[in-house]
1. Taking the condition assigned by TED's automatic domain parsing to the domain that holds residue 506, open to solvent by less than 20 Å² (accessible area, probe 1.4 Å) and touching a Pro at 6+ places or on another chain (Cβ under 6 Å), does residue 408 pass?
2. Would you point out the residue of segment 240-256, among those that are assigned to a loop (DSSP other than H, G, I, E, B) and open to solvent by less than 50 Å² (accessible area, probe 1.4 Å), that is nearest to residue 219 (Cα to Cα)?
3. Given the criterion over 30 Å from residue 200 (Cα atoms), touching a residue at least 24 places away in the same chain (Cβ under 8 Å) and of a type in the set (Asp, Glu), identify the matching residue among 349, 260.
4. Of the residues 368, 382, which is of a type in the set (Asp, Glu) and closer than 14 Å to residue 415 by Cβ?
5. Select from segment 262-311 the residues that are surrounded by 16 or more Cβ atoms within 10 Å (Cβ to Cβ) and closer than 16 Å to residue 512 by Cβ and list them in ascending order.
6. Residue 377 versus (1) open to solvent by less than 40 Å² (accessible area, probe 1.4 Å); (2) over 16 Å from residue 572 (Cα atoms): which is the lone unmet condition?
7. Check segment 579-594 and report whether any residue there is within 16 Å of ligand 1 (Cβ to nearest atom) and surrounded by 21 or more Cβ atoms within 10 Å (Cβ to Cβ).
Amino acid sequence: MTRILIVDDKEENLYYLQVLLTGYGYVVESAHQGAEGLAKARQTPPDIIISDLLMPIMDGYTLLRQWKSDERLRNIPFVVYTATYTAPEDEELAMSLGADAFLIKPLEPEEFIARIRLVEADIAKARPQTLRQVQGNEDATLQQYSKVLVRKLEQKSLQLEAANRALQEINTRLETLVGQANIAILVHHDFKPVMANGELARMLGYGSVDEVLGLQDCRVLFADEERERISTFNKNRLSGAGSPGFYAVKGKKADGTVIEMENRVFPIQWGEHLSVCAMLTDVTDQRKMEEQLRQAQRLEAVGQMTGGIAHDFNNLLTVILGNSEILAEGVSANQDLHNLAEMIRKAAERGAEMTCRLLAFSRRQALDPKAVDINGLVSGVDGLLRRAVGGQVELEIRLGKDAGAVLIDAVQLENALLNLSVNARDALPDGGKLTIETKNLQLDQAYVADQPDVTPGMYTLISVSDTGTGMDEKTRLHAFEPFFTTKDFGKGSGLGLSMVYGFVKQSKGFVRICSELGHGTTVELYLPRLGRDAATDNVPRHVKSTPVGSEKILVVEDDELVRTQVMVLLASLGYDVTGATNGAEALETLKSIGDFDLLFTDVVMPGGINGPQLADRAHKLYPGLAVLFTSGYTDTAIVQDGSPNSNVHMLNKPYRRQELAAKIRTVLGR
Ligand SMILES: Nc1ncnc2c1ncn2[C@@H]1O[C@H](COP(=O)(O)OP(=O)(O)OP(=O)(O)O)[C@@H](O)[C@H]1O
Ligand SMILES: [Mg+2]
């Protein structure tokens, strides 16, 4: 088996020849430069040596000279295999120094092997191995040797220069690309930034890349609550324990604003250190839009469901209502049975009211849209809203010039404003400010691009803002859902915003809630605006046949929704309405405001004072005050027992608008 020693400073050349020669059955040894090759050969002489020329420490010519002057080695064939800037003189010099073959890279494998076989055949022929006469004298050889070497080195340095230039150009190109990329890039070693691009500085609100590079710890670029997670990821990533290569993370801008980001992370060798590269994108807007879309879809689904249920329930309730009325009449001779039948009827009526609200949410209520001048409508409910929110809350109404007209059901819109104002009042337990603002605005394609449920066009915006408690994220996301409430049992039904949402959507508009915990809430109603000269049919929209009035009425009702409804109803009839949630509050109001014409109160109320008791105390203060009781569930007997005053009347819940209007005129005696 022929043993071959290969000497080459390039690892890949060594590897290639090793594989090739081993494949042809040779036994291969290798060395990285002349001195190493010589030492190995002296220890175990090979059968053939194949050497490169230009190598560090000891080049191929020197190795060849030493080889040929070594007693033990000079008869072993020396093959020169070189490529670097080979000129005819190189070969001449090598041959004159005693080389047995001079091969120029690259050679086809077969050709290379064939040439090696030739050299081998020479050995087999046992050709007398005499030291070939070096041509010329020693000096001349040396001279030629240094010339060849210098030329090779010069060419090498030229090549290095060219390679350097090419590298520099690549570097500049990469720097430009990274600098212009619209993805933020950060490389850090143990959180000390070592590289950042312009997009990173811009995205996180830093004045320049240098400002970012000046940070001692780049964890300040992430929200406080993320630091621990990021530190653990980093440790695991570098120790090879593994950590996610892509994840969502909150970023913190220079001014403290928190943004949503996506982070692609991977380890990267940076100089001497294994560092980490993070590629970050700001996905705040995208997230917001996805959330909006999800919310809209959720509400759509809930709407579909509640709408279906409410519709079916309405049908059932109609049957129950109709039959209970017939039943009540049929058993009128038996007072007990008659009362039971009446109770069924009233419960069914109440159920019907509830389904009405659900129908409003699911956009299936019967609306009566008319062209309405928004500023006129808002000014019209000013008094009502002021009384609804109470004296602790300052109400400011800012009417935008030219807010315009909208095709809308005015009663429902008033109802919506009242609901929103009551919500604001509840969010302002210690008082504060409520602002209702109107303005017109044009939403263009760019604005609606990231709003899944909005079409571009002219809108009238009514915004209702308070300086109250605000909502947390969860509340804000669920506020429109029916029955979602954060209020105590019995205080809120969670249908207020659902009705507003459904009504506005049904009117081809949309609603937005902007709220920050501790800072307040703004609910914006965007209503599609009518053309400039739409004839408006504004409030009040009194039905001709319905008796109206302008007296002052105090409504006492613990059920928020019922109270809201009654107040809207009375206001639409022209009355000056104030609300109170229980007896104690009503007495306070009576004492502070005084000159009411009518007390309209529920019979059964929590808080220690029921309707009749309230009427009693009110009469002590104002003997002439007219009282109208209302009740859903109690026997009218209580009223008679509780109050002997002839000026006392009863209206059963639920009542129709017409019934209420007529009853009030009767009670007021006009
Ligand atoms: N202006 C606001 N400020 C703070 N939170 C609000 C505001 N408006 C609504 N919310 C929150 O949204 C929830 C839902 O409001 P919504 O009006 O639908 O129901 P509710 O007020 O709880 O009950 P209801 O209106 O049926 O009496 C409230 O319980 C409250 O947590
Ligand atoms: Mg509410």
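1. Working: assigned by TED's automatic domain parsing to the domain that holds residue 506: yes; open to solvent by less than 20 Å² (accessible area, probe 1.4 Å): yes; touching a Pro at 6+ places or on another chain (Cβ under 6 Å): yes.
Yes, satisfied.
2. Kept after step one, since they are assigned to a loop (DSSP other than H, G, I, E, B), are these residues of segment 240-256: 240-245, 253-256.
Next cut, open to solvent by less than 50 Å² (accessible area, probe 1.4 Å) only: 242-243, 245, 256.
Details: 242: 20, 243: 17, 245: 17, 256: 13 Å.
This residue is 256.
3. Details: 260 fails: over 30 Å from residue 200 (Cα atoms).
Exactly one of 349, 260 is over 30 Å from residue 200 (Cα atoms), touching a residue at least 24 places away in the same chain (Cβ under 8 Å) and of a type in the set (Asp, Glu), namely 349.
4. Numbers: 382 fails: closer than 14 Å to residue 415 by Cβ.
Testing whether each residue is of a type in the set (Asp, Glu) and closer than 14 Å to residue 415 by Cβ leaves just 368.
5. Of everything in segment 262-311, those that are surrounded by 16 or more Cβ atoms within 10 Å (Cβ to Cβ) and closer than 16 Å to residue 512 by Cβ turn out to be 292, 295, 296, 299.
6. In the conditions (1) open to solvent by less than 40 Å² (accessible area, probe 1.4 Å); (2) over 16 Å from residue 572 (Cα atoms), residue 377 misses (2) alone.
7. The first filter runs over segment 579-594 and keeps only residues within 16 Å of ligand 1 (Cβ to nearest atom), leaving 579-582.
Add one more test, that the residue is surrounded by 21 or more Cβ atoms within 10 Å (Cβ to Cβ), and what stays is 579-580.
The answer is yes; a qualifying residue exists.
Let's see how each residue does on (1) outside the structural domain of residue 426 (by TED's automatic domain parsing); (2) near ligand 1 (Cβ under 9 Å from one of its atoms); (3) modelled with pLDDT of 90 or more; (4) part of a loop (DSSP other than H, G, I, E, B):
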| site | (1), (2), (3), (4) |
| --- | --- |
| 451 | no, no, no, yes |
| 462 | no, no, yes, no |
| 470 | no, yes, yes, yes |
| 481 | no, yes, yes, yes |
| 487 | no, yes, yes, yes |
| 505 | no, no, yes, no |
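The values are calculated or read from the model by the stated rules, or taken from the named source; none is laboratory data. Bear in mind the structure is a predicted one, so any value in this text is a computation, not a measurement. Positions of Cβ are backbone-derived with ideal geometry, glycine not excepted, and every protein chain shown enters the neighbour counts. Only protein heavy atoms, including side chains, enter the accessible area calculation; ligands, DNA and RNA are left aside. Shrake-Rupley method; radii C 1.70, N 1.55, O 1.52, S 1.80 Å.
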